[in-house]
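Data first, discussion second: the structure below is written as structure tokens.
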Amino acid sequence: MADLVEMLLAKPGLYVGPQRDPDNTSDDSPSVARVEVSPLPGGSGVMFAYEVLSPTHSIVHHEHAVLARTTGGLVLITSHTHADVTTVVSETEPGYFPATDGTAPFPMAIRLEVPESGHLIYSWSYGGGDEPLRVRDIGDVRIVG
């Protein structure tokens with residue numbers, strides 16, 4: 001079976017789809033996720049340019065990330081609008097990249113799934129203060145170009 005990097009390298013391009021908070025049951029202000037997937041040189045990984053557009057708040061999330069193979073396994077390097085530092089997280093199980101203590105400005109984890117070619121699910125879990133880590137944002141995108 002192909003690994004996560006191979007599956008994404010097979011279908012680079014623009015992915016678009018709904019962005020949702022699994023705890024929000026109202027559909028009053030749906031957001032749209034837009035993810036550009038680009039191959040890294042040598043096929044060592046992919047770069048993501050990810051943004052979430054809300055009809056009421058314009059751009060609510062902007063992120064550049066690199067998913068790359070290293071000699072120690074897969075890593076995800078992410079810079080986003082919710083922190084002033086870049087976070088480097090290692091894969092601990094297939095597609096799951098949790099920050100360990102002290103590696104991120106707040107408790108966070110990212111899950112990347114490719115259920116089929118041309119379909120990417122990009123999930124953010126985070127907590128803050130006394131809040132536990134939980135899935136808060138899910139971008140369910142499909143290739144459009």
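The values are calculated or read from the model by the stated rules, or taken from the named source; none is laboratory data. Predicted model only: the values in this text are computed from it and were never measured. Note that we place each Cβ from the backbone using ideal geometry, even for glycine, and neighbour counts take in every protein chain shown. Side chains included, ligands, DNA and RNA excluded: accessible areas come from the protein's heavy atoms. Shrake-Rupley method; radii C 1.70, N 1.55, O 1.52, S 1.80 Å.
Points to keep in mind about this one:
- Filtering region 46-63 to residues that are of a type outside the set (Gly, Ala, Ser), without any contact (Cβ under 8 Å) to a residue 40 or more places away in the chain and not in a loop (DSSP other than H, G, I, E, B) leaves Met47, Glu51, Leu53, Ile59, Val60, His62, Glu63.
- Matching residues, region 100-125, being touching a residue at least 40 places away in the same chain (Cβ under 8 Å) and among the hydroxyl-bearing types (Ser, Thr, Tyr): Ser117, Tyr122
- Here Gly42 fulfils each of the conditions (1) within 16 Å of Ala10 (Cβ to Cβ); (2) assigned to a strand (DSSP E or B); (3) without any contact (Cβ under 8 Å) to a residue 24 or more places away in the chain apart from (2).
- Exclusive hit being modelled with pLDDT of 95 or more and farther than 24 Å from Val16 by Cβ, set Gly43, Gly127, Gly118, Gly102: Gly43
- For Val5: the one exception among (1) open to solvent by less than 30 Å² (accessible area, probe 1.4 Å); (2) in a strand (DSSP E or B); (3) touching a residue at least 40 places away in the same chain (Cβ under 8 Å): (2)
- Looking only at region 109-119, and only at residues there that are over 16 Å from His64 (Cα atoms) and surrounded by 14 or more Cβ atoms within 10 Å (Cβ to Cβ), the one that is nearest to the chain's Cα centre (by Cα): Glu113
- Search result, residues across region 46-105 that are at positive phi, within 15 Å of the chain's Cα centre (by Cα) and open to solvent by 50 Å² or more (accessible area, probe 1.4 Å): none
- The conditions of being touching a strand residue (DSSP E or B) at 6+ places or on another chain (Cβ under 7 Å) and among the hydrophobic types (A, V, I, L, M, F, W, C) are not met by Val85.
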